[in-house]
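To start, the structure under review is shown below, and the notes come after it.
The values are calculated or read from the model by the stated rules, or taken from the named source; none is laboratory data. For clarity, every value in this text was computed on a predicted model and none was experimentally measured. With ideal geometry, Cβ positions are generated from the backbone for all residues, glycine too; neighbour counts draw on all protein chains shown. Remember, those area values only see protein heavy atoms, side chains included, never the ligands or the DNA or RNA. Shrake-Rupley method; radii C 1.70, N 1.55, O 1.52, S 1.80 Å.
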Amino acid sequence: MIEAVIFDLDGVIVDTAHYHYIAWKRLASEFGITLTPAHNELLKGVSRMRSLEIVLSLGNIQLSDSEKEALADKKNKWFIEYIESVRPEEIFPGVKEMLVDCRKKNLKVALASSSKNAPRVIELLGVANLFDTMVDGTMITHTKPDPEIFLLAAKRLGVSPDKCVVFEDAEAGVVAALAAGMKCVGVGSPDQLRRANVIVKQTSDFNLSNLDKL
Ligand code: BG6
Ligand code: MG
């Protein structure tokens with residue numbers, strides 16, 4: 001029996017994945033690199049520094065650690081500017097209702113986002129009270145595809161990993177969820193998410209009554 005549901009943030013609860021994309025695209029263009037949506041799939045779910053390294057590798061660019069830190073900061077400043085306009089209405093359709101429904105069904109609810117900006121996004125959306133625990137990029141050593149973030153979320157909920165279901169839009173996130181011994185609902189395109197137990201187009205397309213069938 002499933003006892004907990006763990007949600008990724010960017011691309012699962014709200015379309016902030018788009019803001020990450022345009023910020024990386026802007027940075028890439030400064031190096032003459034054209035970042036495509038296909039490249040962007042590789043950046044989803046992984047850490048800020050790992051994302052930067054992937055972007056730079058597209059242009060065969062090698063930089064020192066301090067230069068990379070400066071670029072990661074620059075991208076993050078743009079991202080923070082973009083997200084300041086996020087409003088509660090921007091939560092994906094049906095997701096708030098789904099979080100409420102989880103509680104009604106006595107399921108524990110966690111957020112597990114690789115983003116260090118997750119607390120700010122959740123604050124802007126005004127949904128912090130709908131989670132029993134939140135784990136973000138500041139609390140972990142290894143980001144997805146490592147299972148650490150999901151295992152930590154399960155531990156904080158007091159639920160065994162095999163009784164958790166993860167909602168993820170990133171290939172790295174699906175890999176992490178399965179490595180944690182959890183079930184995974186992929187949100188988005190089967191091209192990247194084929195390893196998930198089930199794939200839906202939007203988070204709220206998944207019917208919570210089917211959790212135990214995964
Ligand atoms: C993940 C995003 O949620 O957070 C990644 O999918 C992003 O694209 C990562 O790189 C880290 O985010 P931040 O906000 O700490 O730079
Ligand atoms: Mg995501």
State whether the residues of the stretch 121-135 include one that is without any contact (Cβ under 8 Å) to a residue 24 or more places away in the chain, charged (D, E, K, R), assigned by TED's automatic domain parsing to the domain that holds V166 and open to solvent by 20 Å² or more (accessible area, probe 1.4 Å).
-> yes
Which condition breaks for S47 when tested against (1) out of contact with any strand residue (DSSP E or B) (no Cβ under 7 Å at 6 or more places or on another chain); (2) within 15 Å of V121 (Cβ to Cβ); (3) within 16 Å of ligand 2 (Cβ to nearest atom)?
-> (2)
Determine the pairs where a residue that is on the phi > 0 side of the Ramachandran plot and not assigned by TED's automatic domain parsing to the domain that holds S113, located within the stretch 26-49, has a partner that is aliphatic (A, V, I, L, M) and away from ligand 1 (no atom under 12 Å from the Cβ) with Cβ atoms under 9 Å apart, the partner being 6 or more residues away or on another chain.
-> G45/V174; G45/V175
Can you spot a residue in the stretch 98-111 that is within 13 Å of ligand 1 (Cβ to nearest atom) and surrounded by 16 or more Cβ atoms within 10 Å (Cβ to Cβ)?
-> yes
Pick from the stretch 163-188 the residues that are among the small types (G, A, S) and out of contact with any Gly (no Cβ under 9 Å at 6 or more places or on another chain): which of them is farthest from S114 (Cα to Cα)?
-> G181
Out of all the residues in the stretch 24-55, which are more than 9 Å from ligand 1 (Cβ to nearest atom) and open to solvent by less than 10 Å² (accessible area, probe 1.4 Å)?
-> L27, A28, L35, V55
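Picking from I83, I61, which residue would you name as being open to solvent by less than 70 Å² (accessible area, probe 1.4 Å), within 16 Å of ligand 2 (Cβ to nearest atom) and either hydroxyl-bearing (S, T, Y) or at negative phi (or both)?
I83
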Filter pass, V135 being closer than 17 Å to R156 by Cα and of a type in the set (A, V, I, L, M, F, W, C) | yes
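R156: part of a helix (DSSP H, G or I), farther than 22 Å from A23 by Cβ and open to solvent by 20 Å² or more (accessible area, probe 1.4 Å), yes or no? Full working, then the answer.
Numbers: part of a helix (DSSP H, G or I): yes; farther than 22 Å from A23 by Cβ: yes; open to solvent by 20 Å² or more (accessible area, probe 1.4 Å): yes.
So R156 passes the test.
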Going through the stretch 161-178 one residue at a time, which ones are open to solvent by 50 Å² or more (accessible area, probe 1.4 Å) and more than 14 Å from ligand 2 (Cβ to nearest atom)?
-> D162, K163, L178
How many residues, within the stretch 93-150, are within 16 Å of ligand 2 (Cβ to nearest atom), assigned to a helix (DSSP H, G or I) and either of a type in the set (S, T, N, Q) or within 25 Å of E81 (Cβ to Cβ) (or both)?
-> 7
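R195: more than 28 Å from A72 (Cα to Cα) and surrounded by fewer than 21 Cβ atoms within 10 Å (Cβ to Cβ), yes or no? Spell out the reasoning first.
Values: more than 28 Å from A72 (Cα to Cα): yes; surrounded by fewer than 21 Cβ atoms within 10 Å (Cβ to Cβ): yes.
Yes, satisfied.
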